[in-house]
Amino acid sequence: MEKKKLYIQTFGCQMNVQDAEKMAALLGESGYETTDDPGRAQLILVNTCSIREKAAQKIYSQLGRFRALKENNPRLIIGVGGCLAQQWGDGFFRKAPYVDLVFGTHQIHRLPEMVGHLEQVGGRISATGFCDRVRSLEIQAQPAAGAVTTFVTIMQGCNNFCAYCVVPHVRGPEESRPMSEILREVETLAGLGIREVTLLGQNVNSYGRTLPEGPDFAELIRAIGKVDGIERIRFTTSHPKDLSERLIGCFGEVPALCEHIHLPVQSGSDRVLKRMNRGYASAAYRDRVAALRRACPGISITSDVIVGFPGEEEEDFQQTLALLREVRFDNLFSFKYSEREGTAAVGMDRPVREGVKRERLEILQALQEEHTWEKNRARVGKLEDVLVEGESRNGGELTGRTRTNRIVNFPGKAELVGKTVRLKIVDAYLHSLRGRMEQSGGTDVH
Ligand code: 5AD
Ligand code: SF4
């Protein structure tokens, strides 16, 4: 019998991408296979995101397109999951009455049962409760065929309640996945040809706190470092206040652990950090950076910054710029603050005007560009070990990443995909490097 077709549209972060892979794996067992063409689907799932303002608008316009498909095919089932679904629950039915299913971030494991009910009985289902245990943590995501790198969820949820952030409200409290399960998944992935895993969680540094046997994140990294076939380990995201000496000690000691950390600072002003409820002062952040660089001199450090949080004065913003100049991040993701429903920052006094936010963002990004350029240019003439991930988008070339997470494009044969090659860096751009294969090995890798 021909399989039923499932189309999944994902918005937002890597956690959502992972959830989509889990949905595909689960529904595969109920006779669905994924398609790239929503017009052929019997089931469409939209994985929503609520971290930033524009997301909701985009999701509605996308849903509008799916509604048109339903006019031709009334049996089409449309489901909405992810963070916005968690937040709005059956409010979705009011705004988009053609939606059949709304499922929250803790309800993914129930998809086969709920979809089965809709197929046979019809009607509408909304399921957005939080569970004590996040059952979807147990579902193994299927990496794409031929993939060399993949993500592994090690925990989900967050207990930090940063004042601007919707995550604790839509993903629930922090929960870690048992180490034995993670190791089993990583071993399976290695067997499928995966060479690099990125350990994923909202706050990976507090991994293990909810587990009875209490392994910490450093222990997990050391264990994964011993899995045969896994050449590289990365992780995201780290909270500065939970960055332990034990974790810092893993850099340089666990050969597979890549020399890169994403460590969001959000602001360089103590006043703003306090209002954001970040739990550290800027001096403590600088101290963590220094400790990382002591343990691992070549480490690449990237970060996130929010400009225009309520109460951010010019002086606070200048402190953020000063921190950037001092730390010199390898790369930075920067955002204008925008209010998220249900968070503590809603209605805070002294909101920053939109024009000021925009101006600050431009200034910040211009400064970071200088730093990114400077860091990328410094790689020219150096040798780098690059794990080849595939053919580059503009064709005819290969693409991979350095251990410090820089993209390198270079001419080479497709059989190198999945291998680590030593390249000489011959040119630098803002978002990538250009490399050339070296015949003779060198030593100047970092
Ligand atoms: N407004 C602007 N940026 C935000 N981020 C999270 N919530 C908000 C918000 N309400 C940013 C933070 C976080 C990144 C993933 O998104 O910098 O680290
Ligand atoms: Fe959001 Fe803060 Fe938790 Fe990160 S640590 S997910 S910013 S609440």
> What is the chain by shape, rounded, prolate or oblate, if you read a ≥ b ≥ c off the alpha carbon gyration tensor as root eigenvalues and call it rounded for a/c under 1.5, prolate for a/b larger than b/c, and oblate otherwise?
Replying inline: oblate
> Which percent, to the nearest 5, of DSSP beta bridges fully inside the chain are antiparallel?
Replying inline: 30 percent
> With the Cα gyration tensor of region 1-49 giving a ≥ b ≥ c as the square roots of its eigenvalues, does the rule (a/c under 1.5 for rounded; else a/b larger than b/c for prolate; else oblate) give rounded, prolate or oblate?
Replying inline: oblate
> Using alpha-carbon pairs under 8 Å, 6+ residues apart, how would you state the relative contact order of the chain in percent?
Replying inline: 10 percent
>> Contact order normalised by length for region 262-328, with contacts defined as Cα pairs under 8 Å and 6 or more residues apart; what percent is it?
In response: 50 percent
> For the chain, what is the charge dipole size about the Cα centre, in debye to the nearest 20, if Lys and Arg each add +1 at the Cβ and Asp and Glu each add -1 at the Cβ?
Replying inline: 520 debye
>> Counting only pairs 8 or more residues apart or on different chains, how many lysine pairs in region 1-141 have their Cα atoms under 20 Å apart?
In response: 10
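For region 243-368, what does the accessible surface come to per residue with a 1.4 Å probe? Please give it in Å².
On the way: 5420 Å² over 126 residues.
Result: 43 Å² per residue.
Counting Lys +1, Arg +1, Asp -1, Glu -1, what net charge surrounds THR48 among other residues with beta carbon under 13 Å of its beta carbon?
+4
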> How large is the dipole of region 227-290 about the Cα centre if only Lys and Arg carry +1 and Asp and Glu carry -1, each at its Cβ, rounded to the nearest 20 debye?
Replying inline: 540 debye
> What dipole magnitude, in Debye to the nearest 20, does region 253-392 give about its Cα centre under +1 on Lys/Arg Cβ and -1 on Asp/Glu Cβ?
Replying inline: 340 debye
> For the charge dipole of the chain, defined by +1 on Lys and Arg C-beta atoms and -1 on Asp and Glu C-beta atoms about the Cα centroid, which residue among LEU323, PHE309, GLY193 has the Cα displaced farthest towards the positive pole?
Replying inline: PHE309
> Put ILE301, ILE139, ILE407 in order of accessible area, largest first, 1.4 Å probe: what do you get?
Replying inline: ILE407, ILE139, ILE301
> So how far, in whole Å, is the C-alpha centre of region 324-373 from the one of region 37-80?
Replying inline: 31 Å
> For region 1-45, which whole percent of the accessible surface, found with a 1.4 angstrom probe, sits on carbon and sulfur atoms?
Replying inline: 45 percent
> Just how much of HIS117 is accessible, in Å², when a 1.4 Å probe is used and the result is rounded to the nearest 10?
Replying inline: 90 Å²
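Of GLU33, GLU359, GLU397, which has the most accessible area with a 1.4 Å probe, and how do the rest follow in descending order?
On the way: GLU33 75, GLU359 115, GLU397 35 Å².
Order by accessible area, largest first: GLU359, GLU33, GLU397.
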> Quick one: what Rg and Dmax do you get for region 215-355 from the alpha carbons, in Å?
Replying inline: 17.0, 54
> With the contact rule set at Cα under 8 Å and sequence spacing of 6 or more, what percent relative contact order holds for region 103-231?
Replying inline: 23 percent
> Sorted by accessible area with a 1.4 angstrom probe, largest first, how do LYS357, LYS274 fall?
Replying inline: LYS274, LYS357
> Using a 1.4 angstrom probe and counting only protein chains, how large is the accessible area of ASP36 in Å², to 10?
Replying inline: 150 Å²
> Tell me, which cysteines of the chain are without a disulfide-compatible partner by the Cβ under 4.7 Å rule?
Replying inline: CYS13, CYS49, CYS83, CYS131, CYS158, CYS250, CYS258, CYS296
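In nm, what is the difference between 0.36 nm times the number of residues separating ASP427 and ARG75 and their Cα-Cα distance? Working shown, then result.
Values: separation 352, 0.36 × 352 = 126.72 nm, distance 5.41 nm.
Net length gain for the segment: 121.3 nm.
The values are calculated or read from the model by the stated rules, or taken from the named source; none is laboratory data. Being a predicted model, the structure only gives us computed values, none of them experimental. Every residue, glycine as well, gets a Cβ built from its backbone with ideal geometry; the counts of neighbours run over all protein chains shown. Side chains are part of the model used for accessible areas, which takes the heavy atoms of the whole protein and leaves out ligands, DNA and RNA. Shrake-Rupley method; radii C 1.70, N 1.55, O 1.52, S 1.80 Å.
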